[in-house]
Amino acid sequence: MTVDGKRLRIAMQKSGRLSQDSQALLTSCGLKINLREQRLIAHVENMEIDLLRVRDDDIPGLVMDGVCDLGIVGENVLEELSLQRQIDNEPYNYQVLTRLDFGGCRLSIAVPQEENYQSVKDLEGRTIATTYPRLLNRYLKQNGVNARVVTLKGSVEVAPRAGLASAICDLVSTGATLEANGLKEVEVIYRSKAVLIQRRDLAESNKLNMINKLMPRIAGVMQANE
Ligand code: PRT
Ligand code: ZN
């Protein structure tokens, strides 16, 4: 299989919070997907489309590097990689085709429940654990706060109890995880949803035609969900 084959390649999360909704959206758009396949690549039976099922963290890079044509990913992951690539002077080109109606969450700073937190200034000089160091650093910079950022890929919510940090910056949806870990949400630094992105340099007319056919269907599916 070649990278510049004529089948449209869509990167989506293999298993996680976005996979079911991503799959349901594509199915509602008329793509016949063999859901039993546990493989990296799922061929769509009735259209010239392949689904690449990967970790969500890999999706923005696959699109930015032009290896996949489209991707469905959370804005939090997309923005974090964009910031990283800007800092590292690497290309981070992509186009957001549409925001989707799932995957909603917020990236928030949380501190121990018993703390008398007043304002963002209370974060000065502290250590904050997060999986999103660049989004957090941007926020701290914008607010003129000096804090040490520690990157953890998982279990961020236990960092204060483990003595690794005195605050965290993590994704929140219901707030139950923070509550269960004796933490309270004090600042929302980013609001995220899933988005459909396209690689910038996509020029093949057959692929662009397919995308032009898909977009109104996606809009229709979202309208029906309202
Ligand atoms: O294996 P892979 O790397 O693909 O998956 P992952 O474990 O990295 O990601 P996954 O499946 O957990 O999340 C994928 C995407 O879903 C995220 O990047 C967000 O865009 C979106 N999303 C929406 C969330 C949440 N809501 C969410 N609540 N991602 C994570 N959480 C976690 C959060 O980190 C915390 O641990 O859920 C917990 C908080 O939830 P509440 O309801 O207790 O507040
Ligand atoms: Zn991930």
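The values are calculated or read from the model by the stated rules, or taken from the named source; none is laboratory data. As the structure is a prediction and not an experimental result, all values here were calculated from the model. Please note: Cβ atoms are built from the backbone with ideal geometry, for glycine as well, and neighbour counts cover all protein chains shown. Heads up: the accessible areas ignore ligands, DNA and RNA and are worked out on the full protein's heavy atoms, side chains in. Shrake-Rupley method; radii C 1.70, N 1.55, O 1.52, S 1.80 Å.
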Boolean, G182 is without any contact (Cβ under 8 Å) to a residue 60 or more places away in the chain and out of contact with any Leu (no Cβ under 8 Å at 6 or more places or on another chain) | no
What tally of residues in the stretch 44-58 results from selecting those that are modelled with pLDDT under 95 and near ligand 1 (Cβ under 9 Å from one of its atoms)?
-> 0
Filter the stretch 59-85 down to the residues that are under 17 Å from the mean Cα position of the chain (by Cα) and more than 16 Å from ligand 1 (Cβ to nearest atom), then identify the one that is farthest from H43 (Cα to Cα).
-> R85
Given the residues L51, L83, which is the only one that is assigned to a helix (DSSP H, G or I), at negative phi and away from ligand 2 (no atom under 16 Å from the Cβ)?
-> L83
Flag if K207 is part of a helix (DSSP H, G or I) and open to solvent by 60 Å² or more (accessible area, probe 1.4 Å) | no
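Just checking, how many residues over the stretch 19-43 are open to solvent by 20 Å² or more (accessible area, probe 1.4 Å) and either modelled with pLDDT of 95 or more or not basic (K, R) (or both)? Can you show your working first?
Just the residues of the stretch 19-43 that are open to solvent by 20 Å² or more (accessible area, probe 1.4 Å), to begin with: 20-21, 23-24, 27-28, 30, 32-41, 43.
Among the residues that remain, those that are also either modelled with pLDDT of 95 or more or not basic (K, R) (or both) are: 20-21, 23-24, 27-28, 30, 32-35, 37-38, 40-41, 43.
Final tally of qualifying residues: 16.
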Quick one: how many residues across the stretch 143-172 are open to solvent by less than 70 Å² (accessible area, probe 1.4 Å), assigned to a loop (DSSP other than H, G, I, E, B) and of a type in the set (A, V, I, L, M)?
-> 6
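Among L107, L97, L135, which is the only one that is open to solvent by 30 Å² or more (accessible area, probe 1.4 Å), modelled with pLDDT of 95 or more and under 26 Å from V195 (Cβ atoms)? Steps first, answer last, please.
Details: L107 fails: open to solvent by 30 Å² or more (accessible area, probe 1.4 Å); L135 fails: open to solvent by 30 Å² or more (accessible area, probe 1.4 Å).
Going through L107, L97, L135 in turn, the sole match is L97.
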Residues within the stretch 173-189 that are more than 16 Å from ligand 2 (Cβ to nearest atom) and either in a strand (DSSP E or B) or within 18 Å of the chain's Cα centre (by Cα) (or both), tallied | 8
